[in-house]
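The values are calculated or read from the model by the stated rules, or taken from the named source; none is laboratory data. In this text, all values refer to a predicted model and were calculated from it rather than measured experimentally. Reconstructed Cβ throughout: ideal geometry from the backbone, glycine too, with neighbour counts over all protein chains shown.
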């Protein structure tokens, strides 16, 4: 009996320009036949990440020709409305702190839900059946829209709502930040680690002036702290 289920060979990667999504892009390129990318301009304070994503993509194509031929179109969506309705430290000029909910005020409500819904709409039109995101429930800030249960539910909702079987791949879901660095090395060697260190951006403050061993950033925001600790552990412990 033949298997009539669709074969997932083409993916759309949510690529912000940060460490996690850059690693996911390399992971997708090692796994799928064609890979497109999508980014979002939502009024984020660290808008410099959008510049970084273009530089990273070009450098990736030049240094990894085996991946370059798989890379398709890049999509950048204007989501200024999301920033306008979000009163957060990620979209407004305010100090980063913890809210009464226990979440940092960098949490942009529904951000990943909106991102993935719009990505699915693009993927539907482009004939792509896999959405790849760098959401993680291990070393993360506690955002509820990064949790595995949320994304599993959204996969079902998107597939039902568009009558098309989507697969949400989250390769970093159960990895620590150190393991994410190790994953990058396993995919593209130390040159990929160096490319991620130099050309990606994670810092919520948008600092591209201060260079650390792990990359650029203010060094004190939650994103910088996670990246620094993960990089330190990566250097201290060999890959399992």
Given the conditions (1) more than 24 Å from residue 156 (Cα to Cα); (2) at pLDDT 95 or above, report the number of the one that residue 89 does not fulfil.
(2)
Of the candidates 131, 158, the one satisfying the condition of being touching a residue at least 12 places away in the same chain (Cβ under 8 Å) and under 18 Å from the mean Cα position of the chain (by Cα) is 131
Could you please find all residues in the range 182-240 being surrounded by 21 or more Cβ atoms within 10 Å (Cβ to Cβ) and more than 22 Å from residue 171 (Cβ to Cβ)?
203, 204, 216, 217, 221, 224
Answer yes or no: is there a residue in the range 165-175 that is under 17 Å from the mean Cα position of the chain (by Cα), over 21 Å from residue 38 (Cβ atoms) and touching a residue at least 12 places away in the same chain (Cβ under 8 Å).
yes
Output for the range 188-231, where each listed residue is within 19 Å of residue 28 (Cα to Cα) and not in a helix (DSSP H, G or I):
200
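Is it the case, given these coordinates, that residue 164 is modelled with pLDDT under 95 and over 16 Å from residue 231 (Cβ atoms)?
Details: modelled with pLDDT under 95: yes; over 16 Å from residue 231 (Cβ atoms): yes.
For residue 164, the condition - modelled with pLDDT under 95 and over 16 Å from residue 231 (Cβ atoms) - is met.
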Just to be sure before I move on: is residue 153 more than 17 Å from residue 134 (Cβ to Cβ), part of a helix (DSSP H, G or I) and either out of contact with any helix residue (DSSP H, G or I) (no Cβ under 9 Å at 6 or more places or on another chain) or touching a residue at least 60 places away in the same chain (Cβ under 8 Å) (or both) in the structure I sent?
yes
Scanning the range 99-146 for residues that are modelled with pLDDT of 85 or more, surrounded by fewer than 22 Cβ atoms within 10 Å (Cβ to Cβ) and over 24 Å from residue 81 (Cα atoms) gives 126, 127, 129, 130, 137, 138
Residues of the range 41-91 classified as in contact (Cβ under 8 Å) with a residue 12 or more places away in the chain and not in a helix (DSSP H, G or I), total:
23
Cross-chain or 6+ apart pairs with Cβ under 9 Å, the range 196-217 first and on the phi > 0 side of the Ramachandran plot and modelled with pLDDT under 95, then surrounded by fewer than 22 Cβ atoms within 10 Å (Cβ to Cβ) and part of a loop (DSSP other than H, G, I, E, B):
206/45; 206/47; 206/218
